[in-house]
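To keep things clear, I will list the structure first and then write my remarks on it.
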Amino acid sequence: MRRVAGLALFFTGVGMVIALIAPKCLVTALIAAICLLAGYNLFCSCP
């Protein structure tokens, strides 16, 4: 289940980064980065 949540968070972050070709707001860029990091950690930390 953690892998599914991690994959969803990772691709949510990827989609946000694609939507932010030219970042208009620092908060949105930070949220995208947090989603990418959390998704990567949840997806890759499973044995």
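Nothing in this text is a laboratory measurement; each read-out follows from the coordinates by a stated rule. Bear in mind the structure is a predicted one, so any value in this text is a computation, not a measurement. All Cβ positions, glycine included, derive from the backbone under ideal geometry; neighbour counts span all protein chains shown.
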task = Report the net charge of residues surrounding L42, where surrounding means a beta-carbon distance below 15 angstrom and charges are Lys +1, Arg +1, Asp -1, Glu -1.
result = +2
note = Per the Kirkwood formula over distinct C-alpha pairs, the hydrodynamic radius of the chain in angstrom is 10.6
request  = Rounded to the nearest 500, what is the 222 nm mean residue ellipticity of the chain from helices alone, with -39500 (n - 2.57) per DSSP H run of 4+ residues and division by all residues?
outcome  = -27000 deg cm²/dmol
request  = Just add up the charged neighbours of F10: K/R +1, D/E -1, any other residue whose Cβ is under 14 Å from the Cβ of F10.
outcome  = +2
